[in-house]
Ligand code: PAF
């Protein structure tokens, strides 16, 4: 496996392969890789001839009081996972490679980034959109894979690629979960034993919402109430939002008649967790013909 740190080396590697019609897959990460990343890498491996994983803890997507300095950076373990999965290049740019002196341009966000995480973490999506655009320019992949766990991020990246004609196919892969339903995340390592016990209540609340929709409940507000009622049983959880939304626009749905995404964010102490579920409302019974 090659470890590449400079843009020039990364781009010339990709350009050489592109000239040979090699299909390049890309999994962008901030490291602290877990089985969710592994699933993305494996899916990319199945579809592509060559595979790049980037590891870059992007300071631009952290707010001033967020966890940038304590974000886990187990680089030796991350490289080992990449080697195990047959990754060809681990791209590890440093902060001054990514944001050299004089760097000025920031990608302005589409409407889809306004609510939910956009509201709770105003620095986050401008940083994500900018770094993803830069990484695509450096890695020049044909295909890039993202996890559904960060649903709004994936929707934002899709919109970005479409609006800015970035020419990268985006594939979003299902969330990988622990046995008790907790969505895998690099930040789960922050949870102490008590917090870890209550963390799966977020996915339980989302499942309550999903079951309500599948059982025929349509009223968005009532579905949200049922989820809040479910999570109230758990101690020490502060709900930031639990919302039933249109899966494309991410606008809240007053009535769920087709597909929906249920988005949730909670805080347990100082730790913030997000998760989501896609749901199909039951098909309407067609009226019997006379
Ligand atoms: O999902 C992540 O790990 C990050 O937001 C990403 C896409 C690698 C950009 O820094």
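Bear in mind that the values in this text are calculations on the coordinates, not laboratory data. Nothing here was measured: the structure is a model prediction, and the numbers come from that model. Neighbour counts are summed over all protein chains in view; Cβ atoms, including those assigned to glycine, are modelled from backbone coordinates with ideal geometry.
For the chain, the spread of Cα coordinates along the three principal axes comes to 63, 55, 38 Å, biggest extent given first. Here the relative contact order of the chain, from alpha carbon pairs under 8 Å that lie six or more residues apart, stands at 16 percent. At 222 nm, what value in deg cm²/dmol follows for the chain if DSSP H runs of at least 4 each add -39500 (n - 2.57) and the sum is divided by all its residues, to the nearest 500? Calculated at 222 nm, the ellipticity per residue is -11000 deg cm²/dmol. Using the Cβ-Cβ distance between residue 219 and residue 162 with R0 = 25 Å, the FRET efficiency computed as 1/(1 + (r/R0)^6) comes to roughly 0.15. The C-alpha atoms of the chain define a longest principal axis, and helix 35-47 lies at about 70 degrees to it.
Modelled this way, with points 7 Å down the Cα-to-C-beta line, the labels at residue 259 and residue 97 are 3.7 nm from one another. Would you please classify the overall shape of the stretch 165-290 from the alpha carbon gyration tensor, given that a ≥ b ≥ c denote the square roots of the eigenvalues, rounded means a/c under 1.5, and beyond that prolate means a/b larger than b/c while oblate covers the rest? Oblate, because a/c is 1.5 or more while a/b does not exceed b/c. The stretch 177-231 and the stretch 1-32 have Cα centres separated by 37 Å. Using every Cα-Cα pair within the stretch 1-68, state what percent have a distance larger than 20 Å. So the portion of pairs separated by more than 20 Å is 40 percent. For the options 271, 24, 213, a Gaussian network treatment of the chain with springs between C-alpha atoms closer than 10 Å singles out 271 as fluctuating the most.
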